[in-house]
Amino acid sequence: METIPLILDCDTGVDDALALLVALLHPKAKLLGVTSVHGNIPVQKAAENNLSILKLFHREDIPVAVGSALPLAGENHFAFQVHGKDGLGETYLSPGSLSPIDEPAALFIARLAREHPGEITLVATGPLTNVALAFLLEPELPRLLRRVVVMGGAVTVPGNVTPLAEANIFNDPEAARRVLNAGFPLTLIGLDVTMKTLFGPKEMARLKNLAAEKPALQFIHRALAFYTDFYTPILGTAACPLHDPLALAAALDPSLVNCQPMSLYVETAPGQARGATLADRRHGRAKAFTSPPVDVALEVKAEDAVEFIFSALERARSQ
Ligand code: RIB
Ligand code: CA
């Protein structure tokens, strides 16, 4: 089986943690490093969560780099109400035994991309600050990375933190504009598809059984229960969307989503539309936005994606 070298750049809340588990457990994934960014929680806490999870799965050989504590402009908007005070649904995992590496996340991303030209897939499941800084440090980054898969945006559907903006883009629109317009070979996994990829009672029961066999998975079952409590009134059913795990799954198996190339405009002006990801979807007219296109995921094989994520978790049994 072909393995895919990955860097995961995340603001480690509950769904980032599930994405990290898929990256650790799926046989197609070769995780080269985990970088943390501000977003759901402060950056240092995101790095601590990454270290805790790597310890739990005996993978402290994987380096953890700390990234940006702040967006390029503006201030933090943490989401403790969604992910809990610890970012992991108040499961309070034991700390890892190691510390993050000394190299900042943006330098780490740029260095690894140079050392493995054309090989690495970067999966970004938080605000795009570290990726924008890595691009500033290494202008060849769009050609050095094999692929960038971003969880972010809402191109054909409403936003989540504001009527128009999705959280990862809203948390650093200036970085998002630079990254989405830079010419990366980039797939955008936005709310267009993640809000259709749900974990409900059937999946929670299946995960509970699995965690009874493999106690290292108990924390993610409890964290997803916390996350589901937040999403239940929003979805009108006891379920939660698998935003970040879907991005990771699509990085490993692109056939899980159908994409259309689109040039995007990221609104950075203050006001109600800040953080919106806009496409000119008019027919028969010259397009208003002309930046290099990105592949925007518009359809998802949701059942297959959930099964893909589960098949990775089930690998924990044999560890
Ligand atoms: O909008 C969903 C995204 O925002 C996910 O990455 C979630 O972890 C939060 O960061
Ligand atoms: Ca995230």
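Would you mind pulling out the separation of the Cα centroids of region 87-128 and region 166-207, in Å?
Answer, in whole Å: 18.
Identify which of P117, P63, P185 has the largest mean-square fluctuation in a Gaussian network model of the chain, with springs joining Cα atoms closer than 10 Å.
Evaluated over the chain, the most mobile residue of the options is P117.
Give me the distance in nm between label points sitting 7 Å out from Cα along the Cα-to-Cβ direction at Q272 and E303, one decimal.
Going from the Q272 label point to the E303 one covers 4.0 nm.
Please work out the FRET efficiency for the pair K30 and D280, using the Cβ-Cβ distance as r and a Förster radius of 41 Å; give the result to the nearest 0.05.
0.60
Find out how many positive minus negative residues lie around G183, taking Lys and Arg as positive, Asp and Glu as negative, among other residues whose Cβ is under 15 Å from that of G183.
+2
Going by the alpha-carbon gyration tensor, a ≥ b ≥ c the square roots of its eigenvalues, is region 9-124 rounded (a/c under 1.5) or, if a/c is not under 1.5, prolate (a/b greater than b/c) versus oblate?
It comes out oblate by the Cα gyration axes.
Let me know the shape class of region 60-186, please: from the alpha-carbon gyration tensor, a ≥ b ≥ c as square roots of the eigenvalues, rounded when a/c is under 1.5, otherwise prolate if a/b is greater than b/c, or oblate.
The shape class here is oblate.
The chain: longest stretch without exposed trypsin sites (Lys or Arg not before Pro) (DSSP loop, at most 10 other Cβ within 10 Å), sites themselves excluded?
That would be 1-280.
Using 1/(1 + (r/R0)^6) with R0 = 51 angstrom and r between the beta carbons of L136 and A212, what's the FRET efficiency to the nearest 0.05?
Taking R0 as 51 Å, the efficiency between L136 and A212 is 0.60.
Throughout, read-outs are computed from the coordinates displayed, never taken from laboratory work. Computed from a prediction, not measured in an experiment: that's the story for all the values here. All Cβ positions, glycine included, derive from the backbone under ideal geometry; neighbour counts span all protein chains shown.
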